[in-house]
Each structure stands twice: as C-alpha cells, then as structure tokens.
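This report concerns only the one structure given below.
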C-alpha cells in the first residue's frame, strides 16, 4: 500500500531537536488505517536514525486526535475468502509494531492531545512516554459497545493506569474527560487548549536540552525494569547506572555541576 505523505505532516526539526509529527487524515478522524500506521512506522524509523532529532511530539489536526482503527477498512476486509483473517492479522501486527516502536524508541515521544482519542487512538496516547491534554480532550476504549473488546489497546492502557481504572474503561466503554484521565495517570497534565502546543513544546525543548545518550539509556532502562521482580530490577538498574557513570556525558555533567557551569554534551 502506498504511503500518502499528507496523512502525516512532518515539521522541520527545531534548533533544539524537537520533531513534530501531526496526524492529518481528518476525513477519517485520523484513524489508524494501514496507510497511517505505515506512515507512522516510517517516520519513527527516520527519526531514530536522525541524530538531529532528540524528542518527538505526536499531535493531530481535526475533530479527533485518533479514532482508533478504521472500521470501514475492517468491514471491507471481510469480503475476502478467509473473512478478513489475513488482513486483520497484518493490521494488528503492524499496529503492535508501531506501539512497540514508540516504547522502544531511543528518543522520548510526547503525545499532544487536543481532542478525542478512542480505542487504538487511546492506545497510541498510552504508548507515548508523556502525554499532555487540552481541557477539551476526551478518551475511551469503547470497543465493548460494538462487540469488539479493546484487547490490544488494553496492553498499553493497563501498563499506564491502575488495573481497576483500566478495567472500568474497557468494560464500560465510557468516555472520560481530560481531568479524569489526569487523575488516572493516562496523561501528565491538562492544559488550556490555546496553550497546549506552546506548553507541550516547552517540555519537549527542556528534555531535548539533555544529553541524548542519557535520555536513551534512561528510557530503555525504565521500561525494561518495569517487567522485572524488585531484586532483579535493582541489579539491572545498578548495572545500567554503573555503565552510565563511565560515559563521557556523565563525567561532563557531574563536573559542570561541581564547577557551577553549563554542561557541554557530547551525547556519548
């Protein structure tokens, strides 16, 4: 399937190293169609290989941040001889790959949510390292309402909010507002809509000013230790921190702190 560049707007990397990727399939409410997922996968890979990119902000235009999978695309796939099984497998594997690419990405990824994020769109928000929402944002995993439990969104959701909060969203399919999402830990902060982009970019630029080596080391370690028993996590984290201490940027950063000056990162 061809990749339509208009589906995903890429803003030039800022001087500080922040890349904005904006979902732009407004007519389909920025659904995670096969085209959109392919475009996201491509842009994430490009950003991983671009040393100028230090932080990624994922935003959207239109009335929805992301409405989840394209139900019309799913319905059309049912016409195949296998009832859509092969197409569904391909779509779900692609979606899972994109979500894991965000978590495993060497650069922090921040969701900027101004409107509605539902189903796999909510999964996309939960998969990002940070998420900032406008007061107008709303979230739901409503698959249960149409006979399709949000099983894959459940993976990201259950790793970001408590079990009972996740189950409430999954079992009821109810929409929650931005303030409730913040209380549950799905988003970091609720911001007035007119200030959302400015404040999100301010956080992105603050993070981008750090050593990219340190950010990559810490992000990888954070997610890896979460899946470990406590003693194993401490052993692993101690090894990571020891190796981090031996890096040039740690030496420079500690030296700069002691000498009361700004560090000059070498990103290594």
**Q.** Rg over Rh [alpha-carbon atoms, Kirkwood Rh] for region 82-164
**A.** 0.99
Q.
Suppose we take every Cα in region 73-120 and form the convex hull; what volume per residue is that in Å³?
A. 81
Q) So, in Å, what gap is there between the alpha-carbon centers of region 213-227 and region 246-265? A) 21
Q. Where both residues lie in the chain, what percent of DSSP beta bridges are antiparallel, nearest 5?
A. 20
(Q) Just to check, using Stokes-Einstein with a Kirkwood Rh over alpha carbon pairs, what's the diffusion coefficient of region 103-228 at 4 °C and 1.567 mPa s in µm²/s? (A) 86
**Q.** Surface/4 estimate of mean projected area, convex hull on alpha-carbon atoms of the chain, nm²
**A.** 15.8
Q) Roughly speaking, what is the centre-to-centre gap between region 115-186 and region 50-99 when only Cα atoms are used, to the nearest Å? A) 17
Q. How large is the convex hull of the Cα atoms of region 187-268 per residue, expressed in Å³ as a whole number?
A. 126
(Q) Two decimals, Cα atoms only, Kirkwood Rh: what is Rg/Rh over region 136-182? (A) 0.94
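From the helices alone, meaning DSSP H stretches of at least four residues, give me the mean residue ellipticity at 222 nm for the chain, per-run term -39500 (n - 2.57), in deg cm²/dmol to the nearest 500.
-15000 deg cm²/dmol
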Q) Ranked highest first by average number of other Cβ atoms within 10 Å, how do 84-94, 151-161 line up? A) 151-161, 84-94
Q: Measure of size requested: the Rg and Dmax of region 212-258, with Cα atoms as the atom set and Å as the unit; please supply both.
A: 11.9, 35
Q: Let me know the whole percent of all Cα-Cα pairs from region 19-131 that are separated by more than 18 Å.
A: 48
Q | Among 98, 53, 198: highest mean-square fluctuation, GNM of the chain, C-alpha pairs under 10 Å | A | 198
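Bear in mind that the values in this text are calculations on the coordinates, not laboratory data. Keep in mind that what you see is a predicted model, and the values were worked out from it rather than measured. No Cβ is skipped: glycine too gets one built from the backbone with ideal geometry, and neighbour counts run over all protein chains shown.
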